[in-house]
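The values are calculated or read from the model by the stated rules, or taken from the named source; none is laboratory data. Just so it is clear, the structure is predicted and the values come from calculations on it, not from any experiment. Please note: Cβ atoms are built from the backbone with ideal geometry, for glycine as well, and neighbour counts cover all protein chains shown. In case anyone asks, the SASA skips ligands and DNA or RNA and just uses the protein heavy atoms, side chains included. Shrake-Rupley method; radii C 1.70, N 1.55, O 1.52, S 1.80 Å.
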Amino acid sequence: MRAIYKKEIKSYATSMSGPIAVAVMLLVVGYMFRYYNLSYGTASLVYTVFNSNLIFYIVVPVLTMRTFTDERRQKTDQLLLTAPVSLIDIVLGKYFALITVFAVPILVMCILPLILIPLGGGEMMGTAYLSILVFFAMGCAYLSCGMFISSLTDNLIISAIGGILFVFATMIIHNAYSMVSASNFASLIFFIVLAVLLGILVYVMTKFYWASLGVILVCALAAFAAFMVSPDWFGGKSEKILSIFDFFSHFESFAYGSFSIPDLLYFVSVSVAGVVLTIARIQKRRWS
Amino acid sequence: MIEVRNLTKKYGDHIAVDHLSFKVDEGQVYGFLGPNGAGKSTTMNIMTGYLAATEGDVIINGYNILEEPEKAKRTIGYLPEIPPLYPDMTVREYLTFAAELKKVPRKEVKLAVVHAMQELSIMDVADRLIRHLSKGYKQRVGFAQAIIGDPETLILDEPTVGLDPKQIIEIRELIKSLGRRHTVILSSHILAEVSEICDTVLIMSRGRLVALDSPENLARKSAGATVTITSPATADEMRPVLEGLEHVTGVDFTDDGEGTVTAHVTFDGEGDPRKDIITALTAGGCSYYSVDVQRASLEDIFLELTDSEDEEYDDTDDEMTEDAESQDRLNSVKTQAGMVSDEKEPESSESDSVADTEQSETQEEADSGEEAE
């Protein structure tokens, strides 16, 4: 793991991606800081951090698009996977390198609350650092998912666009709740759409036409049968499922002064899920 | 030692490797030979743990690649078909990374890198970015990566591709010298290369093993020989004499138009058939000017073995007898290739032990002293 971590850090430092990501983050955070704190004279760093979530649209694709896409394109994954290193070490080595690069501007952000002390920021020091912590946790979750996206394809552009779309989806999905009716029947429709999506996924993974059709039919019929038995169970379920991908609401809560451990745990578990999915994805490719 | 048992790899309906079994002994150079798409690279990728097999086992130096991958991989150096290089690194950085990845002790990393660079004579490009190197240099950097850390077994997928003739000779010499200390498995479709550097050849076709033997034995045993006789006697005089000989599979005459006839006699047996021919011709009252023998080259055998896709095949090697199922399959090609006379009982290991000095591609001249009258 050490060798891979070292190599990744070196490659971020020498290639464009590391400096660009760090520079963009510092630029956006610096601008927000000047706007909310210095111009308005607010002592709370929360607004600055809250509005800095823009950076993920750039940082996630720039940092993660190459992680596994490039290895596969250059066939260097053959070197990694035939070396006496476990797959977990390879993925974690890369993930920790990503987090390390991301942590550089976060460390710079940690200076900001100190600057605000003359404005009366001393009392809000705790919330300021907690908001930075949530921000960092959210970044870790994004990087983990971005890494997974990059393990799906060997095309850099698709990998980058996938990363941007993922960030976009997780930022706006809370708006989609209102679009999906909470009624029982609408939820049934939602479940059937999910079944179709699952079927498409099965087809992409296995290229087996009948298997995907079977999955769609079985899932759709099961949903329909469940709907016949207890229609009330479906009420509001679509919203619950969508909220799995709702990064924004978990991030937003601290801005209203309600820092919560579950929100932090949410990001930690998303990070773990991303790493596990990446490992599973690479393992799966060995078998196909 | 490497043992491959019943290895199968399927991509959907396509079978890339089909119940492949063989054993590789220490301190020898093995060559995988086969047309493109025969499953050579897939087999190597499975042996090194890059791909998982659909079925079967690979035991590398006592460790199963699936059950104890890290221990098994520690004993292998692998050069894939496309050398796995990071274009943004310098040669030294790259080899240092490879050494660390292979868990070379930290104090020895520097030495191991320099040693590998010296072996491949790439010291002069040590601090250049890999992206600026020529194909031959890239190939050698990839090779250096494989030998770093001194692994017991080297697996090289087409190691001489992209090199110029001088470099090819250097790499072949290097492989030969490495073969004394390590087990080397390489793949190639250059037949001369395989017959020159390999102690044993494994010929693959459509994912199956069609032959496993030393290059000399393969050449000697499989395709037989063709004897060309120039004689002032007529075809009608010679035909009964030649057709009466043992192991003759065909006689063909051409009239040279200058009072001589040339006869082409094909044999399927081992050994030199000229003595029998000369004795028979003399006894039959036919005179002759010359008797030449031409042996089948490795190329002929290769084509013969790999073309016979529909027919079933067979192998002489006794190692294969362990696997009854593949043995049955192997039996037929051998017969078809003229390697084995008895279908059920494969030839014993004599094929490996017989010292054979005969050069496969040499055309031997008839002894002038025996020229008649």
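Points worth noting:
- Subset tally (residues that are more than 25 Å from residue B:218 (Cα to Cα) and of a type in the set (Ser, Thr, Tyr)) for the range B:1-59: 5
- Of all the numbered requirements in (1) modelled with pLDDT of 90 or more; (2) under 24 Å from residue B:23 (Cβ atoms); (3) more than 10 Å from every other protein chain (Cβ to nearest Cβ), residue B:116 misses one, and that requirement is (2).
- Failed item in (1) in contact with a Gly (Cβ under 9 Å, 6 or more places away or on another chain); (2) without any contact (Cβ under 8 Å) to a residue 12 or more places away in the chain; (3) β-branched (Val, Ile, Thr); (4) part of a helix (DSSP H, G or I), with residue B:82 passing the rest: (4)
- Within the range A:63-79, restricting attention to residues that are hydroxyl-bearing (Ser, Thr, Tyr) and part of a loop (DSSP other than H, G, I, E, B), the residue that is nearest to the other protein chains (Cβ to nearest Cβ) is A:76.
- Count of residues meeting criterion [at the interface with chain A (Cβ under 8 Å from one of its Cβ atoms) and either open to solvent by less than 10 Å² (accessible area, probe 1.4 Å) or within 27 Å of residue B:59 (Cα to Cα) (or both)] in the range B:84-95: 1
- When residue B:131 is tested against (1) in contact with a helix residue (DSSP H, G or I) (Cβ under 7 Å, 6 or more places away or on another chain); (2) within 13 Å of another protein chain (Cβ to nearest Cβ), exactly one condition is not met: (1).
- Among the residues of the range B:174-195, those that are assigned to a strand (DSSP E or B) and within 12 Å of residue B:77 (Cα to Cα) comprise B:183, B:184, B:185, B:186.
- The set of residues in the range B:67-83 that are buried (at least 22 other Cβ atoms within 10 Å of the Cβ), within 14 Å of residue B:143 (Cα to Cα) and of a type in the set (A, V, I, L, M) comprises B:76, B:79.
- Criterion: assigned to a helix (DSSP H, G or I), away from chain B (no Cβ under 14 Å) and in contact (Cβ under 8 Å) with a residue 12 or more places away in the chain - qualifying residue of A:226, A:186, A:222: A:186
- With respect to being out of contact with any Leu (no Cβ under 9 Å at 6 or more places or on another chain) and facing chain A (nearest Cβ under 9 Å), residue B:108 falls outside the description.
- Yes/no for residue B:156 being touching a residue at least 40 places away in the same chain (Cβ under 8 Å) and surrounded by 16 or more Cβ atoms within 10 Å (Cβ to Cβ): yes
- Single unsatisfied condition, residue B:33 versus (1) within 14 Å of another protein chain (Cβ to nearest Cβ); (2) within 15 Å of residue B:186 (Cβ to Cβ): (1)
- Selection count, the range A:16-54, where residues are within 14 Å of chain B (Cβ to nearest Cβ) and open to solvent by less than 20 Å² (accessible area, probe 1.4 Å): 2
- Test: residue A:75 is on the phi > 0 side of the Ramachandran plot and of a type in the set (Lys, Arg): yes
- In the range A:8-42, the residues that are among the aromatic types (Phe, Trp, Tyr) and either part of a helix (DSSP H, G or I) or within 14 Å of residue A:97 (Cα to Cα) (or both): A:12, A:31, A:33, A:35, A:36
- Set side by side, the residues B:52, B:99 differ, and just one is within 13 Å of chain A (Cβ to nearest Cβ), closer than 28 Å to residue B:5 by Cα and of a type in the set (Gly, Ala, Ser), which is B:52.
- Residue satisfying all of: in the range A:80-97; closer than 13 Å to residue A:276 by Cα and either out of contact with any Ser or Thr (no Cβ under 8 Å at 6 or more places or on another chain) or surrounded by fewer than 19 Cβ atoms within 10 Å (Cβ to Cβ) (or both); farthest from the other protein chains (Cβ to nearest Cβ) among these: A:92
- Single residue of A:5, A:57 found to be within 14 Å of another protein chain (Cβ to nearest Cβ) and under 22 Å from the mean Cα position of the chain (by Cα): A:5
- Scan of the range B:56-79 for residues that are within 10 Å of chain A (Cβ to nearest Cβ) and assigned to a strand (DSSP E or B), ordered by number: B:76, B:77, B:78, B:79
- Checking each residue in the range A:230-253 for being within 18 Å of the chain's Cα centre (by Cα) and farther than 16 Å from residue A:189 by Cβ picks out A:243, A:244, A:245, A:246, A:247, A:248, A:249, A:250, A:251, A:252, A:253.
- When the range A:245-260 is filtered for residues that are open to solvent by 100 Å² or more (accessible area, probe 1.4 Å) and without any contact (Cβ under 8 Å) to a residue 40 or more places away in the chain, only A:256 remains.
- The single condition from (1) surrounded by 22 or more Cβ atoms within 10 Å (Cβ to Cβ); (2) farther than 14 Å from residue B:60 by Cα that residue B:35 fails is (1).
- Residue A:280 vs. criteria closer than 25 Å to residue A:88 by Cβ and within 14 Å of chain B (Cβ to nearest Cβ): yes
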